[in-house]
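Before any comments, here is the structure.
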Amino acid sequence: MDKQLIHVLLVEDSPSDARLQRHRFSRLDPTEWQLHHVERLADAIESCTNFPIDVVLLDLNLPDADGLETVTEFREAIPHLPIVVLTGNNDEELALGAMAHGAQDYLLKDDITIPLLVKTIRYAIERGQILKKLQDSERRFRAIFNQTFQSMMLLTPAGLIVDINETALNASGYKLDDLLGLPVWKLECWNHCQSIQEWLKAAIKTAANGDLVRQDVQFRKRENVIICIDFSLKPLKDEEGKVILLIAEGRDIHE
């Protein structure tokens, strides 16, 4: 079975550091590893745009970018390509910050060995592939979540709002940022009736225990009109059966 060729882009302006990396790669199987080298961030972005690069070894101090902005600018131009940051031992905190800005991993230049280099690159590629699949899944979910005609909310098992789709926002007149983290029963659309608020609290406890809740309830729209909705709470469980999220759905049935 043929080995898959891995194209690695080294972005390093130090001649001595670049020479050392080339030496390391020269000891690897040339049918499996291909090293490309540039010295500037702009050249790295151009190379990744025009050539099939699998992973980038990125120095954080370049002639046209410095520090965390190196990762940020690269990630804005090339969103999904795995990045392994190269840094000195005295910049480990900076490298951790780079991971928070989109890098998959980092290597301390003085500690690099060939086995560590190979393992880090392979893991970075694997994590990058997993992240891309998650992002693709998130985009598909977001499209369905926002385009459905039913009002939908995602809640924590305690009833705190995690997300709301566009249908629900349009019906209520709220803005998403004003609602995140609030208990769902404190929304103005429910405050016309204390008994409904108390029912919501009890329903959330029931759903958090793993049971489906469904009932017709009164809901106040942004025009101050009271309508009847078919309201449900569905528990979402993890692989061990623990409830990790509640899906709240509301369908206008007042007619």
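Please treat every number below as a calculation from the coordinates, not as lab data. Only a predicted model underlies this, so the values are computations on that prediction, with no experimental measurement involved. Ideal geometry is used to build each Cβ from the backbone, glycine not excepted, and the neighbour counts take in all protein chains shown.
Worth pointing out:
- The stretch 103-205: Rg to Rh, with Rh as the Kirkwood radius over Cα pairs: 1.26
- Distances between placed amide hydrogens fall under 5 Å for residue 36 paired with 8, 9, 10, all partners being 5 or more residues away or on another chain.
- Whole-angstrom gap from the stretch 198-250 to the stretch 90-151, using each part's C-alpha centre: 34
- Given 175/201; 119/237; 132/242; 133/175, the pairs whose alpha carbons are separated by over 32 Å: 119/237
- Options (i) -0.84, -1.23; (ii) -0.83, -1.02; (iii) -0.74, -1.17 - which one matches log10 I(q)/I(0) by the Debye sum over Cα atoms at q = 0.13, 0.16 Å⁻¹ as calculated here: (ii)
- Estimated FRET transfer efficiency (residue 244, residue 114; beta-carbon r; R0 45 Å; 0.05): 0.65
- Note on residue 17 and residue 64: their simple-model spin labels are 1.8 nm apart, each label 7 Å out from Cα toward Cβ.
- Positive dipole terminus of the stretch 204-255, leading residue within 245, 213, 225 (C-beta point charges): 225
- Taking the helices alone, the chain has a mean residue ellipticity at 222 nm of -12500 deg cm²/dmol, built from -39,500 (n - 2.57) per DSSP H run of at least 4 residues and averaged over all its residues.
- Fraction of beta bridges assigned by DSSP in the chain that are antiparallel (%, nearest 5): 60
- Residues considered: 204, 45, 244. Largest GNM mean-square fluctuation over the chain, using C-alpha springs under 10 Å, is found at 244.
- Added length on full extension, which subtracts the Cα-Cα distance from 0.36 nm per residue, residue 135 to residue 148: 2.7 nm
- Largest first, the three principal axis extents of the alpha carbons in the stretch 168-249 are 43, 27, 18 Å in whole numbers.
- Estimated D of the stretch 47-134 in µm² per second, where Rh is the Kirkwood radius over Cα pairs and Stokes-Einstein applies at 10 °C, 1.306 mPa s: 121
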